Amino acid sequence: MRNPRMLAVGAAVLALLVSACTPGGSESPNPSSGSPSTPAELPSVIVGSADFDESAIVAELYAQALEAAGFEVERNLYLGPRETTLPAMESGDINLMPEYLGGLADGAGAESSADPDETSANLTDALVDRGLQVLAHSPASDSDGFAVTAETAEEFSLVTMTDLAGVADQLIWGVPPECFGRELCELGLNEVYGIDLNALTVENVGACSPATAEALDAGAIQVGRVCTTQPQIALYNLVVLEDDQGLNPAQNLVPLVTTELAEAGGDLLASTLNAVSEHLTSEELIGLNLQVTVDQEDIAEVCQAWLEGQGLL
């Protein structure tokens, strides 16, 4: 014969289980700290970008990947330069945006170098008091650099800036006027690579401009100052020479987040953004820039297709 007391306890347990499994039950699962488990528990994300296409593209990649992971995302793109976006991050008007390691280090008063891991570590220390932090940086790096045509690279066996230094006086250079007197351009070229622009044939061409790539393609210049992910690199099949002696600081793309968002979003937020960064190479970013900036395709559609192609959606 069953004990009546045991039957009563069993009924009580059953009632509690039914209550917990039905809407209106008084108890809900308690998520582990830093690892939200349901969309209702996930923090809202306000993603911003600087006021140029590349930044907006990467911000849109972040936004779509996070939405697929269950986050609600508001977009506030093309905000302005770092003088606008960094205060917006600190105030919480936005809580996520793509940044560049070296540029952000300069804006935050941190030491930068050609080593992205070292620069990231320095940033971590500099940002803590601002309530900000960076996640894993991508292989994609949009830095200042010099490019040549594929034909010039083959003719002179050019892969690195050191290679270029050996034949610098045989080539026509295209640089902007502001290159002269700057540590990361004329002065640095001389100090790091022994390239003295003042002793070379130099044409005045804007940095990172379509005109530079067009001049290279037309043969008006043979070495041009470029941004290393600008779309014309793909459009004209240019070769960006490796900065093998580390003249320029690392400018890898990196998610900048508020500490509050990082803590509330936990592992899901970090792993989602880090997966985007892991797949984002300079070559991939050049292709995205080409589609949006040159081909004038829709940013959202371009980003969705890329994320699907990488298996991230």
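The values are calculated or read from the model by the stated rules, or taken from the named source; none is laboratory data. Nothing here was measured: the structure is a model prediction, and the numbers come from that model. Glycine also receives a Cβ, built like all others from the backbone with ideal geometry; neighbour counts cover every protein chain displayed. Just the protein is used for accessible areas: all its heavy atoms, side chains included, with ligands, DNA and RNA removed. Shrake-Rupley method; radii C 1.70, N 1.55, O 1.52, S 1.80 Å.
Listed residues ALA207, ALA264; which is open to solvent by 20 Å² or more (accessible area, probe 1.4 Å), at pLDDT below 95 and either touching a helix residue (DSSP H, G or I) at 6+ places or on another chain (Cβ under 9 Å) or not polar (S, T, N, Q) (or both)?
Details: ALA264 fails: at pLDDT below 95.
Being open to solvent by 20 Å² or more (accessible area, probe 1.4 Å), at pLDDT below 95 and either touching a helix residue (DSSP H, G or I) at 6+ places or on another chain (Cβ under 9 Å) or not polar (S, T, N, Q) (or both) holds for just one of ALA207, ALA264, which is ALA207.
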Hey, among the residues in segment 129-144 that are touching a residue at least 24 places away in the same chain (Cβ under 8 Å) and over 25 Å from LEU288 (Cβ atoms), which one's least open to solvent (accessible area, probe 1.4 Å)?
LEU132
Within segment 236-289, residues being under 17 Å from PRO139 (Cβ atoms), polar (S, T, N, Q) and touching a Gly at 6+ places or on another chain (Cβ under 8 Å) number 2
Tell me which of these ASP163 doesn't satisfy, since it passes every other one: (1) open to solvent by less than 10 Å² (accessible area, probe 1.4 Å); (2) in a helix (DSSP H, G or I); (3) touching a residue at least 60 places away in the same chain (Cβ under 8 Å).
(1)
Check THR228 against each of (1) more than 30 Å from GLU72 (Cβ to Cβ); (2) over 21 Å from the mean Cα position of the chain (by Cα) and name the one condition it does not meet.
(2)
Considering only segment 219-313, give the strands (runs of 3 or more DSSP E) lying wholly within it that have at least 2 residues that are more than 26 Å from LEU42 (Cα to Cα) and not hydrophobic (A, V, I, L, M, F, W, C).
223-227
Within segment 197-233, considering residues that are touching a residue at least 24 places away in the same chain (Cβ under 8 Å) and among the charged types (D, E, K, R), the one farthest from GLU54 (Cα to Cα):
GLU203
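Here's the yes/no breakdown for (1) more than 29 Å from ASP295 (Cβ to Cβ); (2) hydrophobic (A, V, I, L, M, F, W, C):
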site: GLU74; (1), (2): no, no
site: MET89; (1), (2): yes, yes
site: ASP93; (1), (2): yes, no
site: LEU101; (1), (2): no, yes
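Considering each of THR124, THR152 in turn, give the residue that is open to solvent by 20 Å² or more (accessible area, probe 1.4 Å) and of a type in the set (Ser, Thr, Tyr).
THR124
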Scanning segment 190-200 for residues that are surrounded by 15 or more Cβ atoms within 10 Å (Cβ to Cβ) and either over 31 Å from the mean Cα position of the chain (by Cα) or assigned to a helix (DSSP H, G or I) (or both) gives VAL192, TYR193, LEU197, LEU200
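Being under 13 Å from GLU60 (Cα atoms) and either in contact with a strand residue (DSSP E or B) (Cβ under 8 Å, 6 or more places away or on another chain) or touching a residue at least 40 places away in the same chain (Cβ under 8 Å) (or both) is the filter here, so list the residues in segment 286-312 that pass it.
Of all residues in segment 286-312, those under 13 Å from GLU60 (Cα atoms) come to 288-289, 292, 298-307.
Of everything in segment 286-312, those that are under 13 Å from GLU60 (Cα atoms) and either in contact with a strand residue (DSSP E or B) (Cβ under 8 Å, 6 or more places away or on another chain) or touching a residue at least 40 places away in the same chain (Cβ under 8 Å) (or both) turn out to be LEU288, ASN289, VAL292, ILE299, ALA300, VAL302, CYS303, GLN304, TRP306, LEU307.
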Exactly one condition in (1) touching a His at 6+ places or on another chain (Cβ under 8 Å); (2) part of a loop (DSSP other than H, G, I, E, B) is not met by SER120; state its number.
(2)
Could you say which residue among ASN274, ASN252 is surrounded by fewer than 19 Cβ atoms within 10 Å (Cβ to Cβ) and within 30 Å of ASP93 (Cα to Cα)?
ASN274
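Would you pick out the residues in segment 80-105 that are open to solvent by 10 Å² or more (accessible area, probe 1.4 Å) and either under 25 Å from SER271 (Cα atoms) or within 16 Å of the chain's Cα centre (by Cα) (or both)?
Pass one, segment 80-105, residues open to solvent by 10 Å² or more (accessible area, probe 1.4 Å): 81-84, 86-88, 90-93, 95, 100, 103.
Within segment 80-105, PRO81, ARG82, LEU86, ALA88, GLU90, SER91, GLY92, ASP93, ASN95, TYR100, GLY103 qualify.
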